[in-house]
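Participant: Once you've had a glance at the structure underneath, I'll fire off some questions.
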Amino acid sequence: MKHSLFACWAVALLLAACTMETERHALPLAPPQAPPLVAEIPEVTSKGTIPPTAPSVKVALLLPLSGDSVAVGTAMLDAATMALSDSYLTAPADQIRSQIILLPKDTGNTPAESARVTQQAIDQGANFIVGPLFSQSVNIIAPLAREHNIGMLTFSNNRAVASEGVYTFGFLPEQQVVRMAEYAYLHNFQRVALLAPNDSYGEKVKQTLVETYGQKGGTVAPVELYAPSPANIDAAVARMTASYNNNTEDRRFQAIFIADGGNQLKNLIASLKKNHVDFKKIKLLGTGLWDDPEIAKIPELQNAWFPSSPPEPYQIFEKRFIATYGYKPVRLASLAYDAVTLVADLEMSTPGTGLTAAALTNPVGFESPANGLMRLKPDGTSERKLAIMEVTPDGFKVIDPAMRNF
């Protein structure tokens, strides 16, 4: 097969979440469409300096390797393979006491398929599960994992699927909103308006923003939730600008929090321009969906703010990924890299005991190599330390670094 992952295996193995519609992750750029995976997906193993007597630890890796999200799943599989190689290449020889084997499984397009391949991985001896990506699949798989006393490190960013032993490793939108809201409020943007999609993601943003500002004595008004069409967006923006114009100076909102990205963000900016919003008077705020280099090309977003994981480690990951595989990874690939690195770090030196709930939920947290400091909590949610980024003509600039500890 032509895919770079299989080429790496042939040469040298070591050198080389909500519904699918409403679960939103930051996805800056998609790689070229990968060829379909028509054969059984080989196990990913590591050689390195593993002692011949070291026991094997099998970890199921559940990703969409066919269907609508094949490009995302393929990049995440490449990143996971690179993470396993890096973990063994950089670990001291005396700390390598197990052979970690990834069992990649294609979750396809349906939760039912996710359940089928999960059972297959369990039958093959999987001791732990990394994935799946979407929360519908997590809900189907979680009871199966519990039945076999297997932990799950999912890529979902929907905290509703989190529970004891089922961890959300995705970028939770609620944490992004809190980080952005607290920074904006402290910098005298105490009255904000909200533009958000009329879906579960938009509802989460609305609830979190209203709660965070309410606790500080700030105001979130007006709140406009729109359906995904130009006409609905135009109507929502028109109502928002009318509210601004009809208020006295001391009651007008000072910033607009926009909970959308990609082409929809461009549509929102166009509508704001059409309604004569003065971008020099009103600060624009966003979420991690803005973590996209294309954002810097939109003139009206200059000086806007949004939260993100620290950029430096991600940039290092991205450069290494491109050098290894020859294409630019989607943002979610970094989660696969970090997740497999965490599994390897915990299990490599203590086979059979490294992936316990106590080890996974260490309150000190983990320095993820691609996305900075994070920790898993006993209730299954995750916590990340985020930076505040400013959009500039030259790209994104850190204006408030992520904290270095919990």
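The values are calculated or read from the model by the stated rules, or taken from the named source; none is laboratory data. Predicted model only: the values in this text are computed from it and were never measured. Quick reminder, even Gly has a Cβ in these numbers, built from the backbone with ideal geometry, and neighbours come from all protein chains shown. Surface areas here come from the heavy atoms of the whole protein model, side chains and all, with no ligands, DNA or RNA. Shrake-Rupley method; radii C 1.70, N 1.55, O 1.52, S 1.80 Å.
Participant: Can you bin every Cα-Cα distance in the stretch 121-243 into 5 Å intervals starting at zero and give me the percent of pairs per bin, rounded to whole numbers?
Facilitator: P(r) over the stretch 121-243, rounded to whole percents: 2, 10, 17, 14, 14, 12, 10, 8, 6, 4, 2, 0, 0.
Participant: In addition: Leaving ligands, DNA and RNA out of it, rank Lys328, Lys280 by accessible area with a 1.4 Å probe, largest first.
Facilitator: Lys280, Lys328
Participant: Using only Cα atoms, figure out Rg for the stretch 43-112 and give it as a multiple of 2.2 N^0.38 Å. Write down the numbers at each step before the final one.
Facilitator: Numbers: Rg = 14.2 Å, N = 70, 2.2 N^0.38 = 11.1 Å.
Here the answer is 1.28, to two decimals.
Participant: Another question, then. Please compute, over every Cα-Cα pair in the stretch 289-341, the percentage with a separation greater than 14 angstrom.
Facilitator: Numbers: 839 of 1378 pairs.
So the portion of pairs separated by more than 14 Å is 61 percent.
Participant: Here is a further query. For the stretch 289-403, what D do you get in µm² per second when you plug the Kirkwood radius from alpha-carbon pairs into Stokes-Einstein at 4 °C and 1.567 mPa s? Before the final figure, lay out each step's value.
Facilitator: Numbers: Rh = 15.7 Å.
Calculated translational D: 83 µm²/s.
Participant: Right, something else. Once you have the Cα-Cα distance between Ala54 and Val398, take 0.36 nm times their residue separation minus that, and quote the gain in nm to one decimal. Could the numbers behind the result be given before it?
Facilitator: On the way: separation 344, 0.36 × 344 = 123.84 nm, distance 4.39 nm.
Result: 119.4 nm gained on full extension.
Participant: From the protein chains alone at 1.4 Å, what is the descending order of accessible area for Thr350, Thr341, largest first? Present the calculation step by step, with values, prior to reporting the outcome.
Facilitator: On the way: Thr350 55, Thr341 20 Å².
Largest accessible area first, the list is Thr350, Thr341.
Participant: Which value, in debye to the nearest 20, describes the size of the charge dipole of the chain about its Cα centre when Lys and Arg Cβ atoms bear +1, Asp and Glu Cβ atoms bear -1, and nothing else is charged?
Facilitator: Details: 34 positive and 39 negative charges, 141 e Å.
Roughly 680 debye for the chain.
Participant: So what's the projected area for the stretch 349-406, the Cα convex hull averaged over all directions, in nm²? Numbers along the way, then the final one.
Facilitator: Working: hull surface 21.2 nm².
Quarter of the Cα hull surface area: 5.3 nm².
Participant: Per residue, how big is the convex hull around the C-alpha atoms of the stretch 82-163? Give it to me in cubic angstrom, could you?
Facilitator: Values: hull volume 9.5 nm³, N = 82.
Cα-based convex hull of the stretch 82-163, divided per residue, equals 116 Å³.
Participant: Using the Cα centre of the chain as origin and beta-carbon charges of +1 (Lys, Arg) and -1 (Asp, Glu), tell me which of Met152, Ala79, Thr219 is placed farthest towards the positive end of the dipole.
Facilitator: Towards the positive end, the residue furthest out is Thr219.
Participant: May I ask for the Kirkwood hydrodynamic radius of the stretch 311-361, worked out over all distinct Cα pairs and given in angstroms to one decimal?
Facilitator: Kirkwood radius, the stretch 311-361: 12.4 Å.
Participant: I've got another one for you. Treating the stretch 220-362 as a set of equal point scatterers at the Cα positions, no solvent, please give the Debye-formula log₁₀ I(q)/I(0) at q = 0.10, 0.12, 0.13, 0.18 Å⁻¹.
Facilitator: These q points yield log10 I(q)/I(0) values of -0.53, -0.68, -0.74, -1.03.
Participant: What number comes out for accessible area per residue over the chain if the probe is 1.4 Å? Units Å², please. The partial results should precede the final answer.
Facilitator: Working: 16830 Å² over 406 residues.
Accessible surface, normalised per residue, equals 41 Å².
Participant: Moving on to the next point. Kindly provide log₁₀ I(q)/I(0) values, in the same order as q = 0.09, 0.13, 0.14 Å⁻¹, from the Debye equation applied to equal alpha-carbon scatterers of the chain.
Facilitator: -0.55, -1.07, -1.21
Participant: Can you tell which of Gln254, Ser308, Ile322 lies farthest toward the positive end of the dipole of the stretch 243-329, using +1 and -1 charges on the Cβ of basic and acidic side chains (Lys, Arg; Asp, Glu)?
Facilitator: It is Gln254.
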